[in-house]
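Step one of this worksheet: look at the structure below.
The values are calculated or read from the model by the stated rules, or taken from the named source; none is laboratory data. Everything numeric in this text was worked out from a predicted model, so none of it was measured. Here the Cβ is made from the backbone with ideal geometry for all residues, glycine too, and neighbour counts use every protein chain on show. These accessible areas exclude ligands, DNA and RNA; they are computed on the full protein's heavy atoms, side chains included. Shrake-Rupley method; radii C 1.70, N 1.55, O 1.52, S 1.80 Å.
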Amino acid sequence: MMQEVIKIKGGRTLKGEVEISGAKNSSVAIIPASLMATDTVKLEGLPKISDVETLVSLLEDLNISTQLEDTHLTVDPSQIKNAVLPNHKVESLRASYYMMGALLGRFKKCVIGLPGGCPLGPRPIDQHIKGFKALGAEVDESDGRTMKLEAKQLKGANIYLDIVSVGATINIMLAASLAKGQTVIENAAKEPEVVDVANFLNSMGAKITGAGTSTIKINGVESLHGTTHTIIPDRIEAGTYMCIAAASGERIKIHNIIPKHVEPLTVKLKELGVDIELGDDFMIVSARDNYHSVDIKTLVYPGFATDLQQPVTPLLFLADGPSFVTDTIYPERFRHVKELQNMNGAIDSDRGTATIKPSKLQGADVYASDLRAGACLIVAGLIAKDVTTIFNVRHIYRGYTDIVQTLKRLGADIWTEKVEV
Ligand code: EPU
(Lines give C-alpha, C1' and ligand atoms only; values in the text may rest on other atoms or scores of the structure.)
Protein backbone atom coordinates (compact mmCIF):
# COMPACT_ATOMS: atom_id res chain seq x y z
CA MET A 1 0.00 0.00 0.00
CA MET A 2 1.24 3.53 -0.80
CA GLN A 3 1.46 5.98 2.07
CA GLU A 4 2.43 9.66 2.17
CA VAL A 5 5.34 10.43 4.49
CA ILE A 6 6.89 13.74 5.55
CA LYS A 7 10.65 14.06 5.18
CA ILE A 8 12.74 16.73 6.90
CA LYS A 9 16.43 17.45 6.61
CA GLY A 10 17.23 19.21 9.86
CA GLY A 11 19.52 22.09 10.63
CA ARG A 12 18.08 24.95 8.57
CA THR A 13 17.33 28.32 10.20
CA LEU A 14 13.69 29.31 9.66
CA LYS A 15 12.61 32.91 9.05
CA GLY A 16 9.38 34.65 8.08
CA GLU A 17 5.75 34.93 9.10
CA VAL A 18 3.00 32.45 9.99
CA GLU A 19 -0.77 33.02 10.18
CA ILE A 20 -2.50 30.86 12.78
CA SER A 21 -5.80 29.17 11.79
CA GLY A 22 -9.07 29.04 13.69
CA ALA A 23 -9.06 26.64 16.65
CA LYS A 24 -9.57 22.99 15.77
CA ASN A 25 -11.10 22.20 19.15
CA SER A 26 -13.65 25.04 18.83
CA SER A 27 -14.47 24.20 15.23
CA VAL A 28 -15.10 20.54 15.94
CA ALA A 29 -17.76 21.52 18.50
CA ILE A 30 -19.25 24.49 16.65
CA ILE A 31 -19.80 22.58 13.38
CA PRO A 32 -22.01 19.95 15.11
CA ALA A 33 -23.68 22.71 17.18
CA SER A 34 -24.74 24.47 13.97
CA LEU A 35 -27.28 21.67 13.33
CA MET A 36 -29.28 23.04 16.26
CA ALA A 37 -30.20 26.20 14.32
CA THR A 38 -33.47 26.46 12.42
CA ASP A 39 -31.87 28.50 9.61
CA THR A 40 -28.49 29.30 8.04
CA VAL A 41 -25.26 29.39 10.06
CA LYS A 42 -22.10 30.92 8.60
CA LEU A 43 -18.73 30.05 10.11
CA GLU A 44 -15.58 31.99 9.30
CA GLY A 45 -11.93 31.24 10.01
CA LEU A 46 -12.12 27.44 10.11
CA PRO A 47 -8.84 25.52 9.97
CA LYS A 48 -8.22 23.57 6.74
CA ILE A 49 -7.93 20.14 8.34
CA SER A 50 -9.43 16.72 7.75
CA ASP A 51 -11.43 16.74 11.04
CA VAL A 52 -13.44 19.69 9.69
CA GLU A 53 -14.13 17.84 6.41
CA THR A 54 -15.26 14.72 8.31
CA LEU A 55 -17.71 16.68 10.48
CA VAL A 56 -19.12 18.55 7.48
CA SER A 57 -19.68 15.20 5.80
CA LEU A 58 -21.49 13.96 8.95
CA LEU A 59 -23.80 16.99 8.72
CA GLU A 60 -24.57 16.03 5.11
CA ASP A 61 -25.51 12.54 6.30
CA LEU A 62 -28.28 14.32 8.26
CA ASN A 63 -29.62 15.91 5.06
CA ILE A 64 -28.12 19.27 5.99
CA SER A 65 -26.97 21.36 3.08
CA THR A 66 -23.38 22.61 3.50
CA GLN A 67 -20.86 24.64 1.54
CA LEU A 68 -17.22 24.51 2.62
CA GLU A 69 -14.96 26.92 0.78
CA ASP A 70 -11.46 27.54 2.05
CA THR A 71 -11.99 28.68 5.66
CA HIS A 72 -15.74 29.45 5.35
CA LEU A 73 -18.62 27.10 5.94
CA THR A 74 -22.31 27.69 5.32
CA VAL A 75 -24.71 25.27 7.01
CA ASP A 76 -28.41 25.21 6.18
CA PRO A 77 -30.13 22.78 8.56
CA SER A 78 -33.69 23.64 7.51
CA GLN A 79 -34.20 20.17 5.89
CA ILE A 80 -32.44 18.22 8.65
CA LYS A 81 -33.37 14.55 9.22
CA ASN A 82 -32.33 12.74 12.39
CA ALA A 83 -30.56 9.81 10.70
CA VAL A 84 -28.55 7.06 12.37
CA LEU A 85 -24.94 8.19 11.94
CA PRO A 86 -22.51 5.84 10.18
CA ASN A 87 -19.76 4.33 12.25
CA HIS A 88 -16.62 4.71 10.18
CA LYS A 89 -16.70 8.53 10.07
CA VAL A 90 -17.80 8.85 13.69
CA GLU A 91 -14.97 6.54 14.74
CA SER A 92 -12.32 8.55 12.90
CA LEU A 93 -12.41 11.42 15.38
CA ARG A 94 -13.14 12.10 19.01
CA ALA A 95 -15.25 15.19 18.48
CA SER A 96 -18.06 13.26 16.79
CA TYR A 97 -19.39 12.96 20.35
CA TYR A 98 -20.63 16.56 19.99
CA MET A 99 -23.26 15.19 17.58
CA MET A 100 -24.82 13.55 20.68
CA GLY A 101 -25.40 16.80 22.59
CA ALA A 102 -26.50 18.66 19.47
CA LEU A 103 -28.95 15.98 18.24
CA LEU A 104 -30.26 15.31 21.73
CA GLY A 105 -30.99 19.03 22.12
CA ARG A 106 -32.65 19.34 18.73
CA PHE A 107 -34.57 16.02 18.51
CA LYS A 108 -34.44 14.69 22.10
CA LYS A 109 -33.14 11.54 20.49
CA CYS A 110 -30.11 10.20 18.60
CA VAL A 111 -28.32 7.02 17.57
CA ILE A 112 -24.60 7.32 16.92
CA GLY A 113 -21.43 5.21 16.83
CA LEU A 114 -18.92 5.47 19.68
CA PRO A 115 -16.27 8.17 19.14
CA GLY A 116 -12.65 7.42 18.20
CA GLY A 117 -9.76 9.90 18.16
CA CYS A 118 -6.11 9.91 19.15
CA PRO A 119 -4.90 6.97 21.25
CA LEU A 120 -3.86 8.84 24.40
CA GLY A 121 -4.70 6.05 26.86
CA PRO A 122 -8.17 5.70 28.39
CA ARG A 123 -10.60 8.41 27.21
CA PRO A 124 -13.95 7.60 28.82
CA ILE A 125 -17.10 9.67 28.21
CA ASP A 126 -18.82 8.85 31.49
CA GLN A 127 -19.15 12.55 32.42
CA HIS A 128 -20.95 13.29 29.13
CA ILE A 129 -23.37 10.43 29.85
CA LYS A 130 -23.85 11.54 33.44
CA GLY A 131 -24.80 14.99 32.11
CA PHE A 132 -27.23 13.67 29.48
CA LYS A 133 -28.89 11.43 32.09
CA ALA A 134 -29.22 14.35 34.51
CA LEU A 135 -31.04 16.25 31.75
CA GLY A 136 -33.52 13.39 31.47
CA ALA A 137 -32.08 11.20 28.69
CA GLU A 138 -32.07 7.44 28.76
CA VAL A 139 -28.80 6.06 27.50
CA ASP A 140 -28.42 2.63 25.92
CA GLU A 141 -25.00 1.42 24.80
CA SER A 142 -25.74 -2.27 25.33
CA ASP A 143 -24.61 -3.36 21.84
CA GLY A 144 -21.10 -1.99 22.58
CA ARG A 145 -20.90 -0.15 19.24
CA THR A 146 -23.59 2.51 19.23
CA MET A 147 -25.03 4.93 21.71
CA LYS A 148 -28.78 5.44 21.80
CA LEU A 149 -29.97 8.53 23.62
CA GLU A 150 -33.61 9.41 24.15
CA ALA A 151 -35.47 11.81 26.41
CA LYS A 152 -39.24 12.27 26.72
CA GLN A 153 -38.38 15.79 27.72
CA LEU A 154 -35.02 17.48 28.39
CA LYS A 155 -35.12 19.28 31.72
CA GLY A 156 -32.51 21.59 33.22
CA ALA A 157 -30.51 20.13 36.12
CA ASN A 158 -27.60 20.84 38.46
CA ILE A 159 -24.62 18.83 37.23
CA TYR A 160 -21.36 18.55 39.14
CA LEU A 161 -18.57 17.14 36.95
CA ASP A 162 -16.36 14.65 38.81
CA ILE A 163 -13.55 15.45 36.37
CA VAL A 164 -12.94 18.77 34.64
CA SER A 165 -13.74 17.80 31.05
CA VAL A 166 -13.79 20.06 27.99
CA GLY A 167 -15.93 17.61 26.01
CA ALA A 168 -18.49 16.97 28.77
CA THR A 169 -18.82 20.70 29.55
CA ILE A 170 -19.49 21.55 25.89
CA ASN A 171 -21.77 18.56 25.25
CA ILE A 172 -23.93 19.44 28.27
CA MET A 173 -24.06 23.10 27.16
CA LEU A 174 -25.33 21.97 23.73
CA ALA A 175 -28.14 19.76 25.00
CA ALA A 176 -29.07 22.10 27.89
CA SER A 177 -29.46 25.07 25.52
CA LEU A 178 -32.66 23.46 24.20
CA ALA A 179 -33.83 21.94 27.51
CA LYS A 180 -36.65 23.30 29.66
CA GLY A 181 -35.46 25.45 32.57
CA GLN A 182 -32.04 26.12 34.04
CA THR A 183 -28.96 23.90 33.99
CA VAL A 184 -25.95 24.64 36.17
CA ILE A 185 -22.63 22.93 35.39
CA GLU A 186 -20.29 22.98 38.39
CA ASN A 187 -16.56 22.17 38.07
CA ALA A 188 -16.87 23.10 34.40
CA ALA A 189 -13.86 23.29 32.06
CA LYS A 190 -12.56 26.86 31.57
CA GLU A 191 -10.72 26.37 28.24
CA PRO A 192 -11.03 29.20 25.67
CA GLU A 193 -12.77 26.75 23.30
CA VAL A 194 -15.60 26.35 25.85
CA VAL A 195 -16.02 30.14 25.84
CA ASP A 196 -16.00 30.23 22.02
CA VAL A 197 -18.75 27.59 21.84
CA ALA A 198 -20.83 29.46 24.47
CA ASN A 199 -20.45 32.72 22.51
CA PHE A 200 -21.51 30.91 19.34
CA LEU A 201 -24.59 29.40 21.03
CA ASN A 202 -25.51 32.77 22.56
CA SER A 203 -25.31 34.36 19.11
CA MET A 204 -27.91 31.76 18.01
CA GLY A 205 -30.19 32.84 20.86
CA ALA A 206 -29.03 30.58 23.70
CA LYS A 207 -28.81 31.97 27.24
CA ILE A 208 -25.48 30.91 28.70
CA THR A 209 -23.52 32.77 31.38
CA GLY A 210 -20.30 31.97 33.21
CA ALA A 211 -18.37 30.25 30.39
CA GLY A 212 -14.67 30.58 31.22
CA THR A 213 -15.38 30.09 34.95
CA SER A 214 -16.03 26.84 36.80
CA THR A 215 -19.79 27.50 37.07
CA ILE A 216 -21.79 27.76 33.85
CA LYS A 217 -25.52 28.55 33.84
CA ILE A 218 -27.69 27.72 30.86
CA ASN A 219 -31.30 28.85 30.64
CA GLY A 220 -32.98 26.65 28.05
CA VAL A 221 -34.73 28.27 25.08
CA GLU A 222 -37.38 26.92 22.64
CA SER A 223 -35.26 27.16 19.49
CA LEU A 224 -31.98 28.53 18.13
CA HIS A 225 -31.65 30.69 15.03
CA GLY A 226 -28.95 31.10 12.38
CA THR A 227 -25.90 33.29 12.92
CA THR A 228 -22.44 34.25 11.65
CA HIS A 229 -19.45 33.41 13.82
CA THR A 230 -15.65 33.66 13.54
CA ILE A 231 -13.66 30.91 15.26
CA ILE A 232 -10.97 31.99 17.78
CA PRO A 233 -7.29 31.42 16.90
CA ASP A 234 -5.90 27.95 17.58
CA ARG A 235 -3.72 28.21 20.71
CA ILE A 236 -2.26 24.74 20.14
CA GLU A 237 -1.25 25.44 16.54
CA ALA A 238 0.20 28.77 17.75
CA GLY A 239 2.07 26.97 20.53
CA THR A 240 3.41 24.42 18.06
CA TYR A 241 4.86 27.21 15.87
CA MET A 242 6.33 28.83 18.99
CA CYS A 243 8.13 25.52 19.66
CA ILE A 244 9.23 25.30 16.02
CA ALA A 245 10.61 28.86 16.20
CA ALA A 246 12.33 28.11 19.51
CA ALA A 247 13.95 25.07 17.87
CA SER A 248 15.30 26.75 14.75
CA GLY A 249 13.75 30.17 14.17
CA GLU A 250 15.19 33.60 13.61
CA ARG A 251 12.53 36.21 14.32
CA ILE A 252 9.52 34.16 13.25
CA LYS A 253 6.45 36.38 13.45
CA ILE A 254 3.31 34.49 14.44
CA HIS A 255 0.08 36.32 13.56
CA ASN A 256 -3.50 35.74 14.78
CA ILE A 257 -2.50 34.64 18.25
CA ILE A 258 -4.11 35.53 21.59
CA PRO A 259 -1.01 35.82 23.83
CA LYS A 260 -3.08 35.18 26.99
CA HIS A 261 -4.15 31.76 25.64
CA VAL A 262 -0.55 30.58 25.23
CA GLU A 263 0.85 32.21 28.37
CA PRO A 264 1.77 28.96 30.18
CA LEU A 265 3.94 27.98 27.17
CA THR A 266 5.38 31.50 26.79
CA VAL A 267 6.50 31.44 30.43
CA LYS A 268 8.17 28.02 30.04
CA LEU A 269 9.91 28.99 26.80
CA LYS A 270 11.25 32.15 28.46
CA GLU A 271 12.54 30.03 31.39
CA LEU A 272 14.22 27.83 28.81
CA GLY A 273 15.90 30.93 27.36
CA VAL A 274 13.88 31.47 24.17
CA ASP A 275 13.67 35.05 22.90
CA ILE A 276 10.01 36.16 22.72
CA GLU A 277 8.54 39.58 21.85
CA LEU A 278 4.83 39.93 22.57
CA GLY A 279 2.39 42.06 20.54
CA ASP A 280 -1.39 42.43 20.95
CA ASP A 281 -2.21 39.72 18.43
CA PHE A 282 1.23 38.58 17.28
CA MET A 283 4.44 37.24 18.71
CA ILE A 284 8.05 37.19 17.45
CA VAL A 285 10.05 34.15 18.50
CA SER A 286 13.76 33.41 17.98
CA ALA A 287 15.88 30.43 18.94
CA ARG A 288 18.92 30.86 21.19
CA ASP A 289 22.11 28.80 21.50
CA ASN A 290 21.95 28.03 25.21
CA TYR A 291 18.84 26.65 26.84
CA HIS A 292 18.27 25.85 30.54
CA SER A 293 16.44 22.74 31.65
CA VAL A 294 12.82 23.23 32.79
CA ASP A 295 10.13 21.08 34.36
CA ILE A 296 6.62 21.02 32.90
CA LYS A 297 3.37 19.71 34.36
CA THR A 298 0.19 19.69 32.29
CA LEU A 299 -2.99 20.89 33.95
CA VAL A 300 -6.45 22.03 32.90
CA TYR A 301 -6.66 25.61 31.58
CA PRO A 302 -5.11 28.03 32.54
CA GLY A 303 -2.38 25.47 33.29
CA PHE A 304 0.08 24.13 30.72
CA ALA A 305 -1.92 22.40 27.92
CA THR A 306 -1.51 18.63 27.53
CA ASP A 307 -1.70 19.20 23.76
CA LEU A 308 1.60 21.15 23.88
CA GLN A 309 3.47 18.70 26.07
CA GLN A 310 4.62 16.62 23.09
CA PRO A 311 5.58 19.52 20.72
CA VAL A 312 7.70 21.21 23.44
CA THR A 313 9.63 18.06 24.40
CA PRO A 314 12.29 18.08 21.61
CA LEU A 315 13.44 21.53 22.80
CA LEU A 316 14.45 19.98 26.11
CA PHE A 317 17.18 17.95 24.36
CA LEU A 318 18.85 21.32 23.71
CA ALA A 319 18.98 22.25 27.42
CA ASP A 320 21.97 22.17 29.75
CA GLY A 321 20.62 19.47 32.09
CA PRO A 322 17.76 17.01 32.67
CA SER A 323 14.14 18.19 32.36
CA PHE A 324 10.93 16.49 33.48
CA VAL A 325 7.55 16.54 31.72
CA THR A 326 4.52 15.25 33.64
CA ASP A 327 1.11 14.84 31.99
CA THR A 328 -1.61 14.81 34.63
CA ILE A 329 -4.44 14.89 32.05
CA TYR A 330 -3.31 11.92 29.95
CA PRO A 331 -0.59 10.01 31.89
CA GLU A 332 -0.22 7.63 28.93
CA ARG A 333 0.32 10.34 26.31
CA PHE A 334 3.97 9.34 25.81
CA ARG A 335 4.02 7.33 22.60
CA HIS A 336 6.45 9.85 21.11
CA VAL A 337 9.13 8.74 23.61
CA LYS A 338 10.05 5.58 21.69
CA GLU A 339 10.31 7.54 18.44
CA LEU A 340 12.56 10.17 20.02
CA GLN A 341 14.73 7.35 21.42
CA ASN A 342 15.09 6.10 17.83
CA MET A 343 16.38 9.58 16.97
CA ASN A 344 19.12 9.20 19.59
CA GLY A 345 17.21 11.21 22.20
CA ALA A 346 18.01 10.42 25.85
CA ILE A 347 14.39 10.23 27.00
CA ASP A 348 12.43 7.80 29.14
CA SER A 349 8.95 7.82 30.59
CA ASP A 350 7.51 6.23 33.66
CA ARG A 351 4.09 6.62 35.29
CA GLY A 352 3.13 9.82 33.50
CA THR A 353 6.51 11.57 33.62
CA ALA A 354 9.17 11.79 30.91
CA THR A 355 12.81 12.51 31.78
CA ILE A 356 14.72 14.26 29.00
CA LYS A 357 18.50 14.67 28.99
CA PRO A 358 20.69 16.76 26.68
CA SER A 359 21.13 14.92 23.36
CA LYS A 360 22.07 15.45 19.74
CA LEU A 361 19.15 14.16 17.67
CA GLN A 362 19.82 12.05 14.59
CA GLY A 363 17.34 11.69 11.69
CA ALA A 364 15.51 8.33 11.58
CA ASP A 365 12.29 6.63 10.41
CA VAL A 366 9.64 7.53 13.00
CA TYR A 367 5.89 7.01 13.41
CA ALA A 368 3.29 9.60 14.41
CA SER A 369 1.05 7.72 16.84
CA ASP A 370 -1.28 10.70 17.27
CA LEU A 371 -1.71 14.32 16.21
CA ARG A 372 0.52 16.07 18.75
CA ALA A 373 3.10 13.26 18.69
CA GLY A 374 3.31 14.06 14.97
CA ALA A 375 3.92 17.74 15.76
CA CYS A 376 6.62 16.67 18.21
CA LEU A 377 8.37 14.64 15.51
CA ILE A 378 8.32 17.64 13.15
CA VAL A 379 10.03 19.80 15.80
CA ALA A 380 12.53 16.98 16.40
CA GLY A 381 13.17 16.55 12.66
CA LEU A 382 13.92 20.27 12.27
CA ILE A 383 16.78 20.08 14.80
CA ALA A 384 18.05 16.58 13.97
CA LYS A 385 21.09 15.82 11.85
CA ASP A 386 20.29 14.28 8.43
CA VAL A 387 16.86 13.15 7.21
CA THR A 388 13.89 12.24 9.42
CA THR A 389 11.01 10.37 7.76
CA ILE A 390 7.66 10.62 9.53
CA PHE A 391 5.10 7.87 8.86
CA ASN A 392 1.35 7.93 9.67
CA VAL A 393 1.13 11.63 8.82
CA ARG A 394 -2.66 11.46 8.41
CA HIS A 395 -2.75 12.17 12.16
CA ILE A 396 -0.89 15.44 11.55
CA TYR A 397 -3.28 16.49 8.74
CA ARG A 398 -6.19 16.03 11.17
CA GLY A 399 -5.09 19.12 13.06
CA TYR A 400 -2.59 21.34 11.24
CA THR A 401 -3.48 23.51 8.22
CA ASP A 402 -0.91 23.12 5.38
CA ILE A 403 1.95 22.49 7.79
CA VAL A 404 4.43 21.20 5.21
CA GLN A 405 3.93 24.19 2.87
CA THR A 406 4.11 26.63 5.78
CA LEU A 407 7.42 25.21 6.99
CA LYS A 408 8.78 25.19 3.43
CA ARG A 409 7.91 28.89 3.15
CA LEU A 410 9.81 29.54 6.38
CA GLY A 411 12.87 27.93 4.81
CA ALA A 412 12.72 24.37 6.16
CA ASP A 413 14.07 21.53 4.02
CA ILE A 414 10.82 19.55 4.19
CA TRP A 415 8.86 17.62 1.59
CA THR A 416 6.35 14.78 1.21
CA GLU A 417 6.85 11.51 -0.65
CA LYS A 418 4.67 8.52 -1.42
CA VAL A 419 6.28 5.31 -0.22
CA GLU A 420 5.31 1.63 -0.34
CA VAL A 421 4.53 0.26 3.17
N1 EPU B 1 -12.45 12.23 31.20
C2 EPU B 1 -13.15 11.26 31.88
N3 EPU B 1 -14.47 11.11 31.63
C4 EPU B 1 -15.13 11.88 30.74
C5 EPU B 1 -14.42 12.86 30.03
C6 EPU B 1 -13.08 13.01 30.27
O7 EPU B 1 -12.58 10.54 32.70
O8 EPU B 1 -16.34 11.68 30.55
C9 EPU B 1 -11.02 12.43 31.47
C10 EPU B 1 -10.15 12.16 30.25
O11 EPU B 1 -9.84 10.79 30.13
C12 EPU B 1 -8.95 13.03 30.51
C13 EPU B 1 -9.56 14.25 31.21
O14 EPU B 1 -10.81 13.81 31.72
O15 EPU B 1 -8.06 12.41 31.39
C16 EPU B 1 -9.78 15.47 30.36
O17 EPU B 1 -10.49 15.10 29.19
P18 EPU B 1 -11.41 16.11 28.37
O19 EPU B 1 -12.80 15.59 28.36
O20 EPU B 1 -11.18 17.49 28.86
O21 EPU B 1 -10.80 15.93 26.92
P22 EPU B 1 -11.61 15.93 25.58
O23 EPU B 1 -12.70 16.93 25.64
O24 EPU B 1 -11.94 14.55 25.16
C25 EPU B 1 -10.24 17.86 24.50
C26 EPU B 1 -9.44 18.04 23.26
C27 EPU B 1 -8.12 17.30 23.38
C28 EPU B 1 -7.38 17.79 24.62
C29 EPU B 1 -8.26 17.65 25.86
C30 EPU B 1 -7.65 18.22 27.12
C31 EPU B 1 -11.20 18.14 21.60
C32 EPU B 1 -11.88 17.52 20.45
N33 EPU B 1 -10.19 17.48 22.14
O34 EPU B 1 -10.49 16.46 24.61
O35 EPU B 1 -7.39 17.65 22.22
O36 EPU B 1 -6.20 17.06 24.79
O37 EPU B 1 -9.51 18.34 25.63
O38 EPU B 1 -7.43 19.58 26.98
O39 EPU B 1 -11.53 19.25 22.02
C40 EPU B 1 -5.81 17.40 20.53
O41 EPU B 1 -6.23 18.45 20.04
O42 EPU B 1 -4.73 16.83 20.15
C43 EPU B 1 -6.56 16.76 21.60
C44 EPU B 1 -6.40 15.49 21.94
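Yes or no: region 50-63 includes at least one residue that is closer than 26 Å to Thr240 by Cβ, among the small types (Gly, Ala, Ser) and crowded, with 24+ Cβ neighbours inside 10 Å. No, region 50-63 has no match at all. Hey, can you tell me all the residues within region 322-363 that are open to solvent by 20 Å² or more (accessible area, probe 1.4 Å), aliphatic (A, V, I, L, M) and more than 25 Å from the chain's Cα centre (by Cα)? Of everything in region 322-363, just one residue is open to solvent by 20 Å² or more (accessible area, probe 1.4 Å), aliphatic (A, V, I, L, M) and more than 25 Å from the chain's Cα centre (by Cα), namely Ala346. Answer with yes or no whether Ile252 is more than 14 Å from the ligand (Cβ to nearest atom), part of a loop (DSSP other than H, G, I, E, B) and in contact (Cβ under 8 Å) with a residue 40 or more places away in the chain. Criteria not met by Ile252.
Of all residues in region 161-184, those that are within 12 Å of the ligand (Cβ to nearest atom) have Cβ atoms under 8 Å from Cβ atoms of residues that are modelled with pLDDT under 95 and among the hydroxyl-bearing types (Ser, Thr, Tyr), 6 or more apart or on another chain, in Gly167/Tyr97; Asn171/Tyr97. Listed by first and then second residue, the pairs linking a residue in region 127-141 that is farther than 12 Å from Lys109 by Cα and at pLDDT 95 or above to a residue that is of a type in the set (S, T, N, Q) and within 13 Å of the ligand (Cβ to nearest atom), with Cβ atoms under 6 Å apart and 6 or more places separating them unless they lie on different chains, are Gln127/Ser165; His128/Asn171.
Considering every residue within region 264-287, establish whether at least one is on the phi < 0 side of the Ramachandran plot and within 14 Å of the ligand (Cβ to nearest atom).
First, pick out the residues of region 264-287 that are on the phi < 0 side of the Ramachandran plot: 264-272, 274-287.
Still in the running and within 14 Å of the ligand (Cβ to nearest atom): 264-265.
Looking for residues that are on the phi < 0 side of the Ramachandran plot and within 14 Å of the ligand (Cβ to nearest atom), one finds at least one in region 264-287, hence yes.
Residue-level check: of (1) buried (at least 20 other Cβ atoms within 10 Å of the Cβ); (2) within 16 Å of the ligand (Cβ to nearest atom); (3) under 21 Å from Gly374 (Cβ atoms), Ile6 misses just (2). Any residue in region 351-380 that's at positive phi: show its pairings with residues that are open to solvent by less than 40 Å² (accessible area, probe 1.4 Å) at Cβ separation under 6 Å, as long as the two are six or more apart or on different chains. Partner pairs satisfying both residue conditions: Gly352/Thr326; Gly352/Asp327. For region 266-310: of the residues being among the charged types (D, E, K, R) and not in a helix (DSSP H, G or I), which is farthest from Leu361 (Cα to Cα)? Checked region 266-310; the qualifying residue farthest from Leu361 (Cα to Cα) is Asp280. Scanning region 126-153 for residues that are in contact with a Lys or Arg (Cβ under 7 Å, 6 or more places away or on another chain), part of a strand (DSSP E or B) and away from the ligand (no atom under 15 Å from the Cβ) yields Asp140, Glu150.
Screening Gly113 on (1) out of contact with any Pro (no Cβ under 9 Å at 6 or more places or on another chain); (2) away from the ligand (no atom under 15 Å from the Cβ) shows it passes everything except condition (1).
This table checks each residue for (1) within 13 Å of the ligand (Cβ to nearest atom); (2) of a type in the set (D, E, K, R).
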site	(1), (2)
Val52	yes, no
Gln67	no, no
Asp76	no, yes
Ser92	yes, no
Tyr97	yes, no
Arg106	no, yes
Lys109	no, yes
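For region 67-105, give me the residue count where each residue is closer than 14 Å to Met36 by Cα and buried (at least 19 other Cβ atoms within 10 Å of the Cβ). So the count comes out to 11.
Looking across region 241-258, the residues that are surrounded by 24 or more Cβ atoms within 10 Å (Cβ to Cβ) and out of contact with any helix residue (DSSP H, G or I) (no Cβ under 7 Å at 6 or more places or on another chain) come down to Tyr241, Ala245, Gly249. Within region 259-281, if we keep just the residues that are more than 16 Å from Leu315 (Cα to Cα) and not aliphatic (A, V, I, L, M), the residue that is surrounded by the most Cβ atoms within 10 Å (Cβ to Cβ) turns out to be His261. Scanning region 400-412 for residues that are in contact (Cβ under 8 Å) with a residue 40 or more places away in the chain and either in contact with a Cys (Cβ under 9 Å, 6 or more places away or on another chain) or of a type in the set (D, E, K, R) (or both) returns Asp402, Arg409.
Just one of (1) of a type in the set (Val, Ile, Thr); (2) in a helix (DSSP H, G or I); (3) surrounded by fewer than 24 Cβ atoms within 10 Å (Cβ to Cβ) fails for Thr313. It is (3).
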